[in-house]
Structure formats: structure tokens, C-alpha cells
Amino acid sequence: MQIGAHVSISGSISNAVDNAIQRKCNAFQIFTRSPRSWFAKDIEQSEANEFKDKLASSNIDKFATTAHMPYLPNLSSPDDDGYNKSIKTMIKEVERCAKLGIPYLVTHLGSHRGTGDEKGIKRLVGALNKVAETKADVTILLENTAGQKNSVGSDFMQWSEIFSKCKQKNRFGVCFDTCHAFAAGYDLRKKESVQETLKKFDDLIGFENLKILHLNDSKGMLNENRDRHEHIGLGEIGEEGMSEIIRIMNKKKIPMVLETPIDDRRDDFGNIEKVKSLAE
């Protein structure tokens, strides 16, 4: 089983590998810089080398690691300045991943800000295809959304449409977030409903395109469109659904990354142990 968490790069980007190992991860996700800023300091070659050396000497497969886009870019934005800034930021992120040897970059699909799905998707696909022109060996992973107002990509059919319009197929894959899918109306609470939901996913998008799973329980109810992650088994999805998701992902050898809370109930260590117990 490949299971891990989103880990901090505080102090040095190579500390992410140490943080992953400390948590007994054999998969992990990072932000390569502050996610709440447009500015990013360049990664020094020595920093990149240290990150790659630590990863190579660990038991973590490179293809179980991913970076995540910062929060500010909006690839579906109708505003030209923000849209172009978002594209430039994503190109830089792809280049940063390549420098670190990270094979995947997860991106949210953005908000059309009231202009409608059709216009939003057109902007999004244009941005993605522009970014894919970057000469870097990094696969861009399109993450499903929770269905918040004006967002695109929560419906599997729409997610599939966006993916199909990406021209360079070898440059794109998907990241499936369990909390987002549940919030968007896809039931994951029971063994049978998990199998039914994942069959829909496979029919429309395909497991062959799934590179990373974001394994998160949900604080919100089914189809409530709330992107609120919860500890594994303590949310509205619950243990039965989580256990079946884990079983299927293990069978298909899909790396799982937790983006669960850290509070007085449980931390990353506790959630990773919970996943392992549900896999037994």
C-alpha cells in the first residue's frame, strides 16, 4: 500500500522527505512554495539535489510523490490579467516540479465567476493546453471539485469533457478527491455505492488516468458542495466506505495522499495508522 500525507517544506524543501519518513509515509504531496502568495523564490540547484538525494535513498517511489498548485491561480477566470498571471504561475510550478524530479502537479480547475460553465471550461482548457507546451517531464493532474458555486469539474461528465479537450494526452492525468466527490453528490458511504461511483469514474475518465488519490473523509453531507475535509472514518463517508476505497486503490496500486485535519482528535500519524487498520 502506498499511503502518505501532505507534508511541510518548512526550513528547506528537502525537509519534506524527512517529514514523510517520520510519518511512515511511502507517498506524499507538497507545495513547492507558499500556497498563499503569487511570489516564489527560485529553487537553488543545491536544494533540488538534496531533495532528490533524500528521496532516492528513501523507500518512497518517485511516482508516489506530487506537488500541488498554490491557491491563488484561477485557470477558469474571465479576468484577463488574473488568467494570464495564473498561466505564468502554473508554468513556473511545472518547471519547479521538473527541477525537483517530482512527476506530478495537481491543479484545481478554477471558477468561472458567474460567466457560465461553457465559458469557464473554454478558458480552463486553453490555459491547460498552454501550460502543456512547457518542455518538462511533469504530468498535470486535474482534480475534481466539490461543486462550490461557479466551480467547474465536480460532475464526472464535465470532468471527463475537460480532460478529453487537453491536447497532449501524455501530459495529463487526474487526481480523485474522495471528499470532493462526496460533496458533489457521489455516494461513497457503503461498499456497493463506492463500487458504483468508481465504475462511473472508470467509464467516463478511466483508472488508467488516475495517478494520485486524495483520501479524505467529509465534514459535509452528501451533495452539500462543502469542501470540508475530515479525519478518516470520522466524517460522513465513514469507515465502511473508506475501507472499500482503500481496498480498491490498493488493488489498482494507486498512491493515496491524506489532506486531513490536524487537531486534538488526531494528526497525520493517527490518520495514516487508521488507513492501515482499515486496509486489513
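Identify the single condition in (1) surrounded by fewer than 16 Cβ atoms within 10 Å (Cβ to Cβ); (2) at pLDDT 95 or above that residue 169 does not satisfy, given that it satisfies every other one.
Only one criterion is unmet by residue 169, namely (2).
Working only within region 141-184, note down all residues that are within 17 Å of residue 254 (Cβ to Cβ) and assigned to a strand (DSSP E or B).
Listed by number, the residues that qualify are 141, 142, 143, 172, 173, 174, 175, 176, 177.
Is it fair to say residue 58 is buried (at least 20 other Cβ atoms within 10 Å of the Cβ), assigned to a loop (DSSP other than H, G, I, E, B) and among the hydroxyl-bearing types (Ser, Thr, Tyr)?
no
Of the conditions (1) in a helix (DSSP H, G or I); (2) crowded, with 21+ Cβ neighbours inside 10 Å; (3) in contact (Cβ under 8 Å) with a residue 60 or more places away in the chain, residue 260 fails just one. Which one is it?
Here residue 260 clears every test but (1).
For region 237-257, what are the residues that are buried (at least 20 other Cβ atoms within 10 Å of the Cβ), of a type outside the set (Asp, Glu) and assigned to a helix (DSSP H, G or I)?
241, 242, 245, 246, 249
Yes or no: residue 168 of a type outside the set (Asp, Glu) and without any contact (Cβ under 8 Å) to a residue 40 or more places away in the chain?
Criteria met by residue 168.
Limited to region 2-30, what total is found for residues that are assigned to a loop (DSSP other than H, G, I, E, B) and within 17 Å of residue 216 (Cβ to Cβ)?
Counting residues in region 2-30 that are assigned to a loop (DSSP other than H, G, I, E, B) and within 17 Å of residue 216 (Cβ to Cβ) gives 4.
Please state which one of 50, 44, 93 is buried (at least 16 other Cβ atoms within 10 Å of the Cβ), acidic (Asp, Glu) and over 16 Å from the mean Cα position of the chain (by Cα).
50
The values are calculated or read from the model by the stated rules, or taken from the named source; none is laboratory data. Everything numeric here is computed off the predicted structure, so don't read it as measured data. We place every Cβ from the backbone using ideal geometry, glycine too, and count neighbours over all the protein chains shown.
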